[in-house]
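Worksheet for the structure shown next.
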Amino acid sequence: MLTVGWAGALVVSGWNPFDRATWWIEIAPALIVLPVLWATRRRFQPTNLALALIFVHGLVLIVGGAYTYARVPIGIDVESWLGLSRNPYDRFGHLMQGFVPAIVLRELLIKLGGMPPGRLLTTLVLACCLAVSASYELIEFAAAMALGQGANEFLGAQGDAWDTQWDMLTCLIGAVFAVVLLSRFHDRRLGQQFALRSAE
């Protein structure tokens with residue numbers, strides 16, 4: 001399902017993207033994650049919750065790559081409806097950058113790291129999400145230095161001098177939301193998965 005959905009979305013978004021180089025950069029995470037999921041599917045089988053979130057996050061990246069984040073139509077509509085000063089799709093993308101990895105990291109730390117749910121796990125998940133966001137901002141910085149003006153579409157700062165800080169804060173907020181809203185549900189899904197494996 002995830003493979004077919006992403007493949008279809010990649011074909012559509014890559015048919016005539018606004019900027020081909022930006023498209024490749026923005027969809028790169030999906031192109032990396034998909035083979036990793038296939039290669040580790042026997043050793044680490046994600047819960048349906050984690051897979052669904054990964055699928056949605058991939059679509060967010062693919063759509064952002066097609067239009068560039070500053071030009072995504074739904075973002076332009078929201079900007080107009082709410083009277084915002086910029087297209088908010090980029091902020092939504094960074095919110096997802098925290099929301100989805102928070103659950104995936106939580107699952108990895110419980111399954112592979114043997115960490116029990118609790119404050120230490122939550123703290124580590126939030127710290128890792130913030131570290132991932134900071135690393136991505138450093139990648140954007142490197143792209144800006146290497147490409148000069150050609151990096152504008154990839155950066156998507158839309159004239160905001162504090163865009164980097166807002167991106168990291170939005171990612172952290174997304175991670176907090178995920179942990180607060182989904183931890184109990186996630187624990188139940190993990191419990192069901194462990195029970196099924198034990199019964200086999």
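The values are calculated or read from the model by the stated rules, or taken from the named source; none is laboratory data. Since the structure is predicted, the reported quantities are computational estimates derived from the model, not experimental observations. We place every Cβ from the backbone using ideal geometry, glycine too, and count neighbours over all the protein chains shown. Note: areas computed on protein heavy atoms with side chains; ligands, DNA, RNA excluded. Shrake-Rupley method; radii C 1.70, N 1.55, O 1.52, S 1.80 Å.
Note on the chain: GNM, Cα springs under 10 Å; of Ala70, Ala134, Ala144, the largest mean-square fluctuation is that of Ala144.
The loop-placed trypsin sites (Lys or Arg not before Pro) in region 24-105, going by DSSP, that have at most 11 neighbouring Cβ atoms within 10 Å of their Cβ come out as Arg41, Arg42, Arg43. Can you figure out the FRET efficiency of Ser85 with Ala127, using R₀ = 30 Å and their beta-carbon distance, to the nearest 0.05? Computed FRET efficiency for Ser85 and Ala127: 0.45.
Per-residue ellipticity at 222 nm from helix content only, as computed over the chain with -39500 (n - 2.57) for each DSSP H run of at least four residues, stands at -27000 deg cm²/dmol.
Converting phi to 3J(HN,Hα) with the Karplus coefficients 6.51, -1.76 and 1.60 and the offset θ = phi - 60°, region 104-119 yields 5, 5, 4, 5, 4, 5, 6, 6, 8, x, x, 7, x, x, x, 5 Hz in sequence order, with x at every glycine or proline.
The figure for Ser13 is an accessible area of roughly 10 square angstrom, using a 1.4 Å probe on the protein chains alone.
Per atom type, the chain shows carbon and sulfur on 70% of its accessible surface, probed at 1.4 Å.
Please work out which option in (i) 0.95; (ii) 0.99; (iii) 1.01 gives Rg/Rh (Cα atoms, Kirkwood Rh) calculated from these coordinates, and answer with its label. This structure yields the entry labelled (ii). Solvent-accessible surface of the chain, taken per residue with a 1.4 Å probe and all protein chains present: 56 Å². Springs between Cα atoms under 10 Å define the GNM used for the chain, and in it the highest mean-square fluctuation of Thr170, Thr68, Thr123 occurs at Thr123.
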